[in-house]
1. Mind telling me which of the residues S431, S419 ends up being open to solvent by 30 Å² or more (accessible area, probe 1.4 Å) and either within 30 Å of S354 (Cβ to Cβ) or modelled with pLDDT under 95 (or both)?
2. Hey, could you check segment 510-528 for residues that are outside any helix (DSSP H, G or I) and in contact (Cβ under 8 Å) with a residue 40 or more places away in the chain and say which is surrounded by the fewest Cβ atoms within 10 Å (Cβ to Cβ)?
3. For segment 62-94, enumerate the residues that are touching a residue at least 60 places away in the same chain (Cβ under 8 Å) and closer than 21 Å to A120 by Cβ.
4. Based on this model, can you work out whether R280 counts as basic (K, R) and open to solvent by 40 Å² or more (accessible area, probe 1.4 Å)?
5. Can you go through R464, R403, R458, R420 and tell me which one is of a type in the set (D, E, K, R) and under 30 Å from V155 (Cβ atoms)?
6. Can you say whether P468 is in contact with a strand residue (DSSP E or B) (Cβ under 9 Å, 6 or more places away or on another chain), assigned to a loop (DSSP other than H, G, I, E, B) and surrounded by 22 or more Cβ atoms within 10 Å (Cβ to Cβ), as far as the supplied structure shows?
7. Restrict the check to segment 424-436 and report whether at least one residue is over 22 Å from V559 (Cα atoms) and touching a residue at least 60 places away in the same chain (Cβ under 8 Å).
8. Which residue pairs have Cβ atoms under 9 Å apart, sit 6 or more places apart or on different chains, and have a first residue in segment 655-670 that is under 14 Å from F689 (Cα atoms) and without any contact (Cβ under 8 Å) to a residue 60 or more places away in the chain and a second that is of a type outside the set (S, T, Y) and open to solvent by 90 Å² or more (accessible area, probe 1.4 Å)?
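The values are calculated or read from the model by the stated rules, or taken from the named source; none is laboratory data. The model shown is predicted, which means the values in this text are computed figures rather than measured ones. Counting neighbours? That spans all protein chains shown, and the Cβs are built from the backbone with ideal geometry, glycine included. In case anyone asks, the SASA skips ligands and DNA or RNA and just uses the protein heavy atoms, side chains included. Shrake-Rupley method; radii C 1.70, N 1.55, O 1.52, S 1.80 Å.
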Amino acid sequence: MRAGLLEDPDVGLGELDQHWVGASTWLYSTELEVPQGGSELVFDGLDTIAEVRLSGRSLGSTQDQHLRYRFRVPTDLAGRTVPLTVTFFPVVPVAEASAEQVGPLPRPYAFPYPYVRKSACNFGWDWGPSYLTAGIWRAVQLQTWRGARLEELRVLGDLDLGRETGQVAVTADVVLDGTADEVRLRVRLTDPDGAIVGTDECVVTGVAASCRVQVDRPQVWHPIGLGEQPRYTALVELVVDGEVTEHLVRRPGLRSVSVQEPADERGRRWALVVNGRRVRVRGYNWIPEDPFVAEATPERVLERLDQAVAGGANLIRVWGGGYVVDETFMTACDERGLLVWHDLLFACSAYDESSEMLTLVRAEAEQAVSALSAHPSLVLWCGGNECVWGWHSWGWQQELDGRPWGAGIYGGVLPEVVSRLDPTRPYVGNSPWSGSVWADPSEEAVGPVHLWKEWNDRDYSHYRESDPPFVAELGWCAPPTWSTLRAAVPEGDLDLTNPVVRHHLRAEDGVIKLDRGVAQNVGSPVDPDDWIYLSQVVQARSQVAAVEWLRSRERCAGVVVWQLNDCWPAISWAAVDGEGLEKPVWFALRRSFAARLLTVQPVEPGSSLTPGAFDVVAVNDGPEPWDVEVRTRRLSVAGHELAAATTRLSVPGGETGRARLPDEVGRPADAAGELLLAEADGLRSWWFFAKDVDAGRPDPGFSARVQRAGPDTVAVHVTAQTLLRDLALFPDRAAVALGLAPRDVRVDDMLHTLLPGESATFLLAGVPQDRDGPQLDALLSGGPVLRAVGR
């Protein structure tokens, strides 16, 4: 692509023109100066079926994208410069040959991804394209060593809350060549202020060696919003016959983590507990940032994680159909206090349990657990995504007819690796999960659940019929920002009548589900601009409905939205599109994910179908108590007060407070013409008794005034003349109209709801002063740039 030999396959139907890439054989070649003495070639990542040859000799082959491989360099080549080649073979024929031996494995897509250890979504997914990559995708090293070398290193920081002490345990897997008289492992630990806490060392006599340093009065690492994120520094040295031959530095944090599952009247709860405190999770699911891993630069990854934090998240779940994340990702999460739930690499399929496959799986897990062990942000290992659910609920048992499907992986190999190598972290076998591979995870009584019936079959109002202990996935589809979609679809209308737009929608029956959600809630769009906006509004409202309902339930200890990011310009569940631009749902979730949330909710699951029984709920995820006076009013859509109630809530840190609204407040006389508004501490929560499509409201009326607010910032003051719902200013549309790059123009907020006579101000950054004038004023006063819902 960079050489101009292939057009950008993200644009138009270009994806269809590049499948030859994955069907071809590729040769990487270079010249290698072979040093004197023993040496090894170390490949941290080869994608996927490859042979390594040096001076025409085969050093070995690879069959797992996720493994690090070592190949011994022949000693008779020392001192010579010889050709080094890596040949990559098409992966599909290899997978198909495996399928012939293993037999059919149920999976959601035609490509045979479960038969080969390659990123599952590389074959295409319901949010991503099929780009079958091949090549060297992680670092290559030439290593020389004498006497001993480190194979794996695990640095585990842990906290003993009862004794108020911590410790850092260092375990090294060491390879010895028999030439050294003595090999020692040495550890020096310094605290976050640079003071030496302690040292330890031991003689290496076998394949593993361990050192421990105890820490009195430890500085504790906390999740974001609950404290600071101090980290210690562990210098680990391998000493061979008195000489330091290898040293590594790791940055552990001291904290404790567990999963609590107390019984309750519905089954069992499920909550992450860090440092003895239940953490009420507000999270996003993470998919690979780009199908071409070189494009997922550190800067881009850090920007996404910052968007997660700015959007109110305290946890990222790394989904199991991609890759094990790298040091850049994990270090950023450590520094930000962003918790990480990491799936191991299985997704939505039955998997082979042959001895060859289990050997690869065990090695993958051992390398992943060791590589990420030092990071305090990593709080949970998970065996994979929706594989156990598939076996129980998707008809797999009939197709498999008793053949293995992965139970031995999620219930055997993976928990054994985690318990042996990393006992400081909990493990769950899959997501969703009910405690065992043989327990049906579709029930909401136990463990993390996935809520997809609402998107697939119903409407988002049905989220309020659920009362699960934890939600690891839920989501709603919508288009990306207008500029991102237009760049990917250069011609034709930007709606679902355009086949190129539909090409960028991969959700099963996505056209039907998108149209149904819009029609059920806001009516039929009048033009393509209307379709983009209303689809995005429905996505935002759906996630607000789900998140605020679940956060209001004391039983639910967390909700992880599907998904944070996109890997290409897609109509998908993402909050941030493939160009890194925030969709309206991101702004909506930023409010709903705030540590302090005020929300109006039905009293019991399913009771939203019976207007009149409502609670006003204050959710306090912070460490300090929240004493708040809440005023709730029933209003006409014209803004006239019809009834009101005031209540005071005292909510301890990490808890929820609620008060029942009197019937005269919560029971409307005219559902179509009335609403509820709760206010406290500058927060607002709205409840509309009728959907927009049923309310018969007039078209939105407003006036807008543009004012320069800084050298590169303009303020857009909007005053409502009617009730305005989900008032949005689209910075990317303004940017394109002004001849600016969409990424360079950002807005501070979106989706305001205003009563008649109320005002809101948008700050639009990235607009230089030379764009001032009548064109700017007209552009920002309405049309496709400034929108509100109305019927």
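1. On the way: S431 fails: open to solvent by 30 Å² or more (accessible area, probe 1.4 Å).
Checking each option against the conditions leaves just S419.
2. Looking only at segment 510-528, we keep the residues that are outside any helix (DSSP H, G or I), and these are 522-527.
Applying the additional criterion that residues be in contact (Cβ under 8 Å) with a residue 40 or more places away in the chain yields 522-523.
Details: V522: 23, G523: 16.
The extreme case among them is G523.
3. Q63, D64, Q65, H66, L67, R68, F88, F89, P90, V91, V92
4. Working: basic (K, R): yes; open to solvent by 40 Å² or more (accessible area, probe 1.4 Å): no.
Answer is no for this residue.
5. Values: R464 fails: under 30 Å from V155 (Cβ atoms); R403 fails: under 30 Å from V155 (Cβ atoms); R458 fails: under 30 Å from V155 (Cβ atoms).
Going through R464, R403, R458, R420 in turn, just one is of a type in the set (D, E, K, R) and under 30 Å from V155 (Cβ atoms): R420.
6. Working: in contact with a strand residue (DSSP E or B) (Cβ under 9 Å, 6 or more places away or on another chain): yes; assigned to a loop (DSSP other than H, G, I, E, B): yes; surrounded by 22 or more Cβ atoms within 10 Å (Cβ to Cβ): yes.
Answer is yes for this residue.
7. Residues of segment 424-436 over 22 Å from V559 (Cα atoms): 424.
Okay, now just the ones that are also touching a residue at least 60 places away in the same chain (Cβ under 8 Å), so 424.
Yes, segment 424-436 contains a residue that is over 22 Å from V559 (Cα atoms) and touching a residue at least 60 places away in the same chain (Cβ under 8 Å).
8. From residues that are under 14 Å from F689 (Cα atoms) and without any contact (Cβ under 8 Å) to a residue 60 or more places away in the chain, the pairs are G666/R660.
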